[in-house]
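Enquirer: If you scroll down you'll find the structure; I have some questions about it.
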Amino acid sequence: MKRLVGCIVYALVVVTILLAAHRLRAEPGTPAPEQKQQTPQNTQQVPKTASEQADAEHHATIPKYFTTRPPFSEGIFPCTTCHAGLKPDKTRRELYFHTEISLKHAAKQRWCLDCHDSENRDRLRLANGDHVTFEESYMLCGQCHGNVFREWKKGIHGKRTGLWNSDKPGDKVYLLCVNCHNPHSPQFKPIKPLPLPVRPNEITNIKGTSTVEIEGHKLYIPVYGK
Amino acid sequence: MFRFIKELIFHLTRGSALYYVWIIALLAIIFNGVVAYTHQLEAGLIVTNMRDQVSWGAYIANFTFLVGVAAAAVLLVIPAYLYHFKPIKEIVLFGEMIAITALIMCLMFVIVDLGRPQFAWHMLITPNFPNSLLVWDVIALNGYLVINIAAVSYILYRKAHGLEYKMSIMWPIVMLSIPWAISIHTVTAFLYNGLSSRPFWNASIVAPRFIASALCSGPALMILIFQVARRLSDIDVTDTAIFKIAELIAYAMGLNLYLFGAEIFKEFYSDSIHLAPMKYLFFGLKGHDILVPFARTAIVCNVAAFFLFLNHKTRENFLTLNVACILVIIGVFIEKGVGLIIPGFVPDTLGEIYDYFPTATEGKICISIWATGALIYTFMIKTAIPIYKGELSLLSKGVSPAISKMRS
Amino acid sequence: MEGIYMKRRDFLKTASVAVALGLEGIALPDRDAGASIWETFFQKHFREMTQAEKEEVVKKLETDYKKRFGKDIKVKANGPLPNVLYGYGLDLTRCVGCRRCVYACVTENNLSRNPQIQYISVLRFKSGEKWVDDLEDADKYYNPDVVPEPGHFYMPVQCQQCEKPACTKVCPTQATWKEPDGIVVVDYNWCIGCRYCMAACPYGARKFNWAQPTIPVEQINPQTHYLGNRFKHRGCVEKCTFCIQRVRENPGRYPACVEICPVGARKFGNLLDEKSEIRLLIETKRVFRLKEHLNTNPKFYYFFSL
């Protein structure tokens, strides 16, 4: 009996989300939806359950906004490599593993499994229990950061690179939230600024140039004498 | 005609020892400047201290001052031709020659300021007219140059034939030259005035102030030059003429100080952020006070000169008169030169303060242009005086008695 | 988010410096130099050239560059795209003042390394101090170990690509003008170097070649545009063109400064396309333009995202 009620509630939720997604799609300013399903690399090997099928269906209605990959840590993803054999422990505790992660993202209210799916670590979970892949993590972030999510879809928030006047997937590169913000500690870390310009009376007092590489771009910066 | 030119050249090579020393000194200064300019052409304007922050400097400052000097000839033209005031009528020719010289110097100052002077002719092919005030200025300056050359050559041509000029021919030239003189300085003022990005220049009082100060510095320069000229040659400049000019300077300086006061009041009383350049000029801004001594000197000079000119006792005493003239020239040179150009750029449009001060190269080039002007004026006056006096004539030898009769 | 710095020092060796004894450099072309130099000397205004003449000039430039740098350098002279008016957005909430845009621009646009020329000036202001009108308390020379610094904010300024540019209005030779796609360009060969435009520009966007610009040959960006990042010579004025060599293509790349910005503060697009990010930005954010009281109508919009 309990199961039946659960199923009905679940079906209702799915319908609501489907409708919401439809509205989302109809929002002005979103690029033409690409119906072509991208074959996500490194996705879960586990067989899909009925609810997962439903999720996949509703995600398909959301345009593929991005072409970048999430910044998976080397040797960590797919998580199931280790986690498949581990029994999920839902208690809030100090971790023995993943010690490099220090949660600075509303840490008091949050725990790993609020976002990571306990049953399949290769996917994420939304607040409503729905599942999304890492490639679609913006769905997860967008739950709380609604304004930012909306602006990101329009291209006001976040970074877009590639070809400015082409909407073909791959031509315009949309960064995911997690490409810039570490989800466990989303605030930007201070960075070293590039050299200051020379003062007007020293515009020829330049010793040479040096090369810095930033995200695959080679930049030439000046070297000044003491 | 050929004989005339031969005699002219012969005449130019003749002179006292002082004349030779003067010419050689000028040529040496000019040579020094040519060397400096060659260096500038090869290396680029990097040899100056102008930079993106202060993109105009000593050249344009000198240019602005000299446009004023050129415009000031009108102060002689009006009493001479319109009111037929005899003492000034005698010397108006030499005033017009000052205008010609000043204009040539102006054009030289603009040329040396160009990054690519060899392409200056592009302005003739695709002039941005009527939008660019620089095109207006080029037209105004060259037009005024042509007008003055026409007036001077016509008068000298008639004199060389032993005749006085005909008013029927002079009248249109004069009528054109008076508004044109005002216009050259007005257009030059508008050149700066029209730039809304530079609050220091973007004040409607700039053009009137230009005219008022021009009517001080130009005539003051003339008074000095006339005194030298009448001492060194037999040119006849009466004291009456000089005192009359001095009197006119007093009025012009009064007006200039009044307009200056009006501007100072408006800027300092309203005390908006646009006051920054004015503060930089008179008090220094954020510890940058390179122009302050100059700006204050200019005020002192102008005020002191005003009282010296105003009092007819000091005005008619050659010692105090000459002191006053020098004070005016220094005062206006600073006020309309560095005092106008540099604060337009400081602080710059992005709030940066760069203390511009000309390099030695800029100094050499400026001085050599002044020397060129002095040389041109010396030659002009040396040619004009004998023609004026009838000693050099286009008439054949036999016809000259008429003139000698006139002279005696 | 920290970028990975891989510092390699390649100092300018005099030999490697492309000292361009420019054709347009010396006062007048050499008498022995032959017809081609006179041809360059008497070259027409870019806008008065026919298509064939443009192609010829471009070809000539490419051969000259090959001779000078021993490198194939492409020079384009293509015209504006139809129905495009470029617009730019800059999110002041996001900018951290890292100056990566400055050097991405220097690299992309073949800007002179010595003397130093930079199109973008990143200004730093103290929070809560007056700043926006005359930018009087701006600091361009801030040099902390890391940015952003607490208590400060940053505002990069470059050419605002005004709809009513003060600079083109004053140019005596019409050597600078606004293209139909809204980009203000300079014909470097037609500019006489009077610097009147620099006096007129309210944004300090115009830069003058006080000396012969130099750039190490291996650092040259070989993709150039005649009105954009080709090599400049001493004595002419130059400025930001929204990377005309990139954006005036269909499809075309984003400007270099947009591409490099680590915080995504820079936005770019077509103002005539109502779905472009720049249009959506103008419609949904409260934007402002620099020195709006001067009525230059920039197409460069600053905004705050928070």
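The values are calculated or read from the model by the stated rules, or taken from the named source; none is laboratory data. On a predicted model such as this, the values are computed, not experimentally measured, just so you know. Glycine gets a Cβ as well: all are built from the backbone with ideal geometry, and neighbour counts include every protein chain shown.
Enquirer: How about region C:285-299: which of its residues are within 17 Å of C:G182 (Cβ to Cβ) and within 10 Å of chain B (Cβ to nearest Cβ)? Spell out how you get there, then give the answer.
Expert: Let us first name the residues in region C:285-299 that are within 17 Å of C:G182 (Cβ to Cβ), namely C:287, C:289-290, C:295-299.
Within region C:285-299, C:L290, C:N295, C:T296 meet the criteria.
Enquirer: Next up: For region A:166-176, enumerate the residues that are facing chain C (nearest Cβ under 9 Å) and surrounded by 21 or more Cβ atoms within 10 Å (Cβ to Cβ).
Expert: Answer for region A:166-176, where residues must be facing chain C (nearest Cβ under 9 Å) and surrounded by 21 or more Cβ atoms within 10 Å (Cβ to Cβ): just A:K172.
Enquirer: Which of the residues belonging to region C:165-190 are at the interface with chain B (Cβ under 7 Å from one of its Cβ atoms) and not small (G, A, S)?
Expert: The answer is C:K169, C:V170, C:C171, C:P172, C:T173, C:Q174, C:W190.
Enquirer: Would you check if there is a residue in region A:148-155 being in contact with a Ser or Thr (Cβ under 6 Å, 6 or more places away or on another chain), within 11 Å of chain C (Cβ to nearest Cβ), surrounded by fewer than 21 Cβ atoms within 10 Å (Cβ to Cβ) and modelled with pLDDT under 90?
Expert: Residues of region A:148-155 that are in contact with a Ser or Thr (Cβ under 6 Å, 6 or more places away or on another chain), as a first pass: A:153.
Now restrict to residues that are within 11 Å of chain C (Cβ to nearest Cβ): A:153.
Narrowing the set further to residues that are surrounded by fewer than 21 Cβ atoms within 10 Å (Cβ to Cβ) leaves none.
No.
This table checks each residue for (1) hydrophobic (A, V, I, L, M, F, W, C); (2) surrounded by fewer than 24 Cβ atoms within 10 Å (Cβ to Cβ).
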position: B:L103; (1), (2): yes, no
position: B:I111; (1), (2): yes, yes
position: B:Q118; (1), (2): no, yes
position: B:T126; (1), (2): no, yes
position: B:L133; (1), (2): yes, no
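Enquirer: Moving on. I'd like to check something: does region B:20-43 contain any residue that is under 25 Å from C:K207 (Cβ atoms), within 14 Å of chain A (Cβ to nearest Cβ), outside any loop (DSSP other than H, G, I, E, B) and free of Cβ contacts under 8 Å to residues at least 24 places away in the same chain?
Expert: Yes: one or more hits.
Enquirer: List every residue pair whose Cβ atoms lie under 7 Å apart, where the two residues are 6 or more positions apart in sequence or sit on different chains, the first residue falls within region B:344-362 and is more than 7 Å from chain C (Cβ to nearest Cβ) and at pLDDT below 95, and the second residue, located anywhere, is surrounded by 19 or more Cβ atoms within 10 Å (Cβ to Cβ) and outside any loop (DSSP other than H, G, I, E, B).
Expert: Every condition considered, the pairs that remain are B:V346/B:P277; B:V346/B:Y280.
Enquirer: Just checking, does region B:148-162 include any residue being part of a loop (DSSP other than H, G, I, E, B), over 16 Å from C:P172 (Cβ atoms) and either without any contact (Cβ under 8 Å) to a residue 12 or more places away in the chain or more than 14 Å from chain C (Cβ to nearest Cβ) (or both)?
Expert: Looking only at region B:148-162, we keep the residues that are part of a loop (DSSP other than H, G, I, E, B), and these are B:161-162.
Filter once more, so that each one left must be over 16 Å from C:P172 (Cβ atoms): B:161-162.
Cutting the leftovers down to either without any contact (Cβ under 8 Å) to a residue 12 or more places away in the chain or more than 14 Å from chain C (Cβ to nearest Cβ) (or both) gives us B:161-162.
Yes - at least one qualifying residue is present in region B:148-162.
Enquirer: While we're here: Determine, yes or no, whether A:N179 is more than 26 Å from C:V157 (Cβ to Cβ), more than 7 Å from chain C (Cβ to nearest Cβ) and polar (S, T, N, Q).
Expert: Numbers: more than 26 Å from C:V157 (Cβ to Cβ): yes; more than 7 Å from chain C (Cβ to nearest Cβ): yes; polar (S, T, N, Q): yes.
Yes.
Enquirer: Ok, one more. Give just the number: which of (1) part of a strand (DSSP E or B); (2) in contact with a Pro (Cβ under 6 Å, 6 or more places away or on another chain) does C:V96 not satisfy?
Expert: (1)
Enquirer: Among the candidates C:W190, C:W177, single out the residue that is part of a strand (DSSP E or B) and within 30 Å of B:V110 (Cα to Cα). Step through it out loud before you land on a result.
Expert: Details: C:W190 fails: part of a strand (DSSP E or B).
Result: C:W177 is the single residue among C:W190, C:W177 that is part of a strand (DSSP E or B) and within 30 Å of B:V110 (Cα to Cα).
Enquirer: When region A:182-196 is examined, which residues are found to be within 9 Å of another protein chain (Cβ to nearest Cβ) and either crowded, with 19+ Cβ neighbours inside 10 Å or among the hydroxyl-bearing types (S, T, Y) (or both)?
Expert: Residues satisfying the conditions are A:I191, A:P193, A:L194.
Enquirer: If you don't mind, there's one more thing I want to ask. So which strands (runs of 3 or more DSSP E) are wholly in region C:221-306 and hold at least 1 residues that are touching a His at 6+ places or on another chain (Cβ under 8 Å)?
Expert: Details: elements: C:223-225, C:266-270, C:300-303.
By residue number, no strands (runs of 3 or more DSSP E) qualify.
Enquirer: Based on what the data block shows, is C:E238 on the phi < 0 side of the Ramachandran plot, within 14 Å of chain B (Cβ to nearest Cβ), touching a residue at least 12 places away in the same chain (Cβ under 8 Å) and in contact with a strand residue (DSSP E or B) (Cβ under 8 Å, 6 or more places away or on another chain)?
Expert: Yes: the conditions hold for C:E238.
Enquirer: Now for a separate question. Which ones in region C:134-154 are closer than 25 Å to B:P277 by Cβ and surrounded by fewer than 13 Cβ atoms within 10 Å (Cβ to Cβ)? Outline the logic, then answer.
Expert: So the first thing to find is which residues in region C:134-154 are closer than 25 Å to B:P277 by Cβ, and the list is C:134-142.
Within region C:134-154, just C:Y141 meets the criteria.
Enquirer: Restricting to region B:282-299, and then to whatever is out of contact with any helix residue (DSSP H, G or I) (no Cβ under 8 Å at 6 or more places or on another chain) and in contact (Cβ under 8 Å) with a residue 24 or more places away in the chain, can you tell me which residue is surrounded by the fewest Cβ atoms within 10 Å (Cβ to Cβ)?
Expert: B:K286
Enquirer: Just to check your reading of the model, which residue among B:M108, B:M50 is at pLDDT 95 or above and in a helix (DSSP H, G or I)?
Expert: Details: B:M50 fails: in a helix (DSSP H, G or I).
None of the other options fit; the residue is B:M108.
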